[in-house]
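The values are calculated or read from the model by the stated rules, or taken from the named source; none is laboratory data. Treat the numbers as computed from the prediction; the structure is a model and nothing was measured. Cβ placement follows ideal geometry from the backbone for every residue including glycine, while neighbour counts extend to all protein chains displayed. Ligands, DNA and RNA are excluded from the accessible area calculation, which covers all protein heavy atoms including side chains. Shrake-Rupley method; radii C 1.70, N 1.55, O 1.52, S 1.80 Å.
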Amino acid sequence: MVNDTALKLDVGRKFSEAAAVGGAVIDLAAAKAEEKAKFVCRGVRVHYGAKEALHGVDMDVPDAGVTALIGPSGCGKSTFLRVFNRMNDTIPGARVSGSVLMDGADIYAKGVDPVLLRARVGMVFQKPNPFPKSIYENVAYGPRIHGLAASRGELDAIVEGSLKKAALWEEVKDRLKEPGTGLSGGQQQRLVIARAIAVRPEVILMDEPASALDPIATARLEELIDELRKNYCIIIVTHSMAQAARVSQKTAFFHLGDLVEFGDTRAIFTNPKDQRTQDYITGRTG
């Protein structure tokens with residue numbers, strides 16, 4: 001098995017090679033149109049009791065594509081990810097301050113219903129967590145409780161469409177009444193993604209979605225992410241440098257609760273501005 005340090009070193013090399021075409025180095029920043037932001041974060045701090053886990057994060061998350069959050073364990077990546085759907089609200093003693101705007105609206109304003117927010121901002125966790133229901137009911141559950149289908153026919157169409165978007169339909173179309181928990185790990189994770197898609201979210205959050213998957217299932221998941229990014233804003237936490245390089249267009253490096261650096265993935269891996277980013281990517285720290 002290739003160790004993670006070797007992967008980190010190899011990622012930078014591959015990007016350096018990819019940046020050279022016909023002997024000329026591509027200017028990664030040239031002639032790039034300004035991107036619309038889905039989220040605008042300013043001064044975001046998260047406390048767990050007396051401990052401050054995030055120290056005033058400023059970031060604009062693009063409306064389209066994949067943004068990867070990388071950094072050592074305990075650096076604040078997952079805490080920041082949970083800011084976007086207010087999952088930190090469910091943790092006793094957690095407090096979020098600062099400003100988080102989604103399409104210009106403050107998602108922490110009084111009167112904002114976190115349940116409705118989470119319908120717009122779906123989440124996929126480290127370990128697949130299908131409901132103890134049939135494959136069909138796993139996907140139909142959200143649309144049913146949110147009133148997205150007026151008839152059984154509409155519900156059937158949502159289930160089929162969601163499973164197709166999650167690249168799972170052909171594998172399960174004759175097994176819809178079977179338990180979702182009976183699928184393989186990779187299939188379960190795609191089922192969970194189908195469940196998230198079914199409520200028509202605008203954003204999909206992924207917290208190390210491949211950590212419990214084998215290499216083949218991981219490759220299929222990454223292919224799915226590459227397809228989904230055309231229609232969704234995706235924010236993914238990953239410990240794998242190679243995965244961040246493969247799936248994301250933007251990368252944010254966190255260290256000890258600070259957002260150290262954020263920018264184009266290629267630039268982060270080939271020409272980081274901060275020595276801490278360089279040390280992490282090359283395996284000197286981790």
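Values computed for the structure shown
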read-out	value
Count of the range 83-98 residues which are touching a residue at least 24 places away in the same chain (Cβ under 8 Å) and in a helix (DSSP H, G or I)	4
Condition met for I145 (of a type outside the set (S, T, N, Q), within 17 Å of A119 (Cβ to Cβ) and at pLDDT 95 or above)	no
Answer from A149, A109 - the residue that is closer than 30 Å to D60 by Cβ, small (G, A, S), without any contact (Cβ under 8 Å) to a residue 40 or more places away in the chain and in a loop (DSSP other than H, G, I, E, B)	A109
Residues (over 23 Å from C233 (Cβ atoms) and not in a strand (DSSP E or B)) located in the range 42-67	G49, A50
R220, sole failed condition from (1) out of contact with any strand residue (DSSP E or B) (no Cβ under 7 Å at 6 or more places or on another chain); (2) closer than 13 Å to I135 by Cβ	(2)
Count - residues of the range 181-198 that are crowded, with 20+ Cβ neighbours inside 10 Å and either in a helix (DSSP H, G or I) or at pLDDT below 95 (or both)	12
Odd one out for Y280 among (1) at pLDDT below 95; (2) under 18 Å from the mean Cα position of the chain (by Cα); (3) surrounded by 19 or more Cβ atoms within 10 Å (Cβ to Cβ)	(2)
Count of the range 152-180 residues which are within 21 Å of E227 (Cβ to Cβ), part of a helix (DSSP H, G or I) and among the basic types (K, R)	2
Number of positions in the range 103-138 that are open to solvent by less than 40 Å² (accessible area, probe 1.4 Å) and out of contact with any helix residue (DSSP H, G or I) (no Cβ under 9 Å at 6 or more places or on another chain)	3
Meets criteria (within 17 Å of D63 (Cα to Cα) and surrounded by 22 or more Cβ atoms within 10 Å (Cβ to Cβ)) for I268	no
Verdict on F84 being modelled with pLDDT under 95 and among the aromatic types (F, W, Y)	no
Residues that are in contact with a Lys or Arg (Cβ under 7 Å, 6 or more places away or on another chain) and open to solvent by 30 Å² or more (accessible area, probe 1.4 Å), drawn from the range 65-102	S97, G98, S99
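Results for (1) open to solvent by less than 30 Å² (accessible area, probe 1.4 Å); (2) more than 13 Å from the chain's Cα centre (by Cα); (3) within 22 Å of K164 (Cα to Cα), shown as yes or no for each residue.
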| position | (1), (2), (3) |
| --- | --- |
| R220 | no, yes, yes |
| Y232 | yes, no, yes |
| I236 | yes, no, yes |
| A242 | yes, yes, no |
| H255 | no, yes, no |
| D258 | no, yes, no |
| E261 | yes, yes, no |
| D264 | no, yes, no |
| R284 | no, yes, no |
